Amino acid sequence: MSLVQTLARTIAVTIFCATIFPIVAAPVLAADAPVRIVALGDSLTAGFGLPREEAFPARLEAALRAKGLAVEISNAGVSGDIAASGLARLDWSVPAGTDAVIVELGANDALRGLEPRLTRAALQEILRRLKERRIAVLLTGMRAPPNMGADYTRAFDAIFPELAAANDVIFYPFFLDGVAADRVLNQPDGLHPTVQGVETIVRRILPKAEELIALAKAKRDS
């Protein structure tokens, strides 16, 4: 075989491989890509008073990875945010390519005694926009402090289960379940979890997070 024939054959094989291999490999790479989750919240998500690696998003990611799940969780928590603040920064907090969002907002609304209908409206718009983008959602509930009175507590607490049902999203009833009012699991302010408190939250919410990942994969595959 002449040098020219050898070169021509090599070029032809190279072109053939470059054409065929991406077609075969692309689905495998897509299936193996980590599920990208954004934790959209306030100081409870941001990890107030804790090293960033001990905040809820980082610890949840570690727990999921320990179970063999490929996942990346971004911390989009901002201390002091109310639901309306989360809505205002939604587009840049949840970038293109996000597969799922954990929505943890409302605690500051209740602490400030904001009108529940305003909190509801902001959360509803967040859920609407995420649904429009085909992003899987885990909505975490919050409860009003008892000193706000029975009427306020009733109206505020009802926001979360009602929105979850109306928007057909995964729902975790109370983000601070097992942690609220426990001095051992909270920092001196009585509001923000300690490292142990975060671990309790992660352990309890883990099944819902796994459900979120499964839903995100299903949406991505479809």
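In table form, for the structure just shown:
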quantity	calculated
Tilt relative to the chain, helix 3-32 - C-alpha long axis, 0 to 90 degrees, to 10	20
Stretch gain in nm, segment E53-L191, where the contour uses 0.36 nm per residue and the Cα spacing is subtracted	47.7 nm
Charge sum, other residues only, whose C-beta stays under 11 Å from R120's C-beta, Lys/Arg counted +1 and Asp/Glu -1	-3
FRET efficiency, L69 to A150 (Cβ-Cβ, R0 45 Å, nearest 0.05)	0.60
Taking region 34-221 and dividing mean pair separation by its residue count, relative contact order in percent (alpha carbons under 8 Å, at least six apart)	24
Highest to lowest packing among 36-45, 183-192, 202-211, scored as the average C-beta count within 10 Å	36-45, 202-211, 183-192
Neighbour-count ranking [beta-carbon atoms within 10 angstrom, fewest first] of V179, V78, V103	V78, V179, V103
0 to 90° range, to nearest 10: angle between helix 116-132 axis and the chain longest Cα axis	10
Potential extension, R134-A214 segment - 0.36 nm per residue separation minus Cα distance	27.4 nm
Translational diffusion coefficient (Stokes-Einstein; Kirkwood radius from C-alpha pairs) of region 59-112 at 4 °C, 1.567 mPa s, in µm²/s	101
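Rule-based calculations on the coordinates, nothing more; no lab input. Bear in mind the structure is a predicted one, so any value in this text is a computation, not a measurement. Counting neighbours? That spans all protein chains shown, and the Cβs are built from the backbone with ideal geometry, glycine included.
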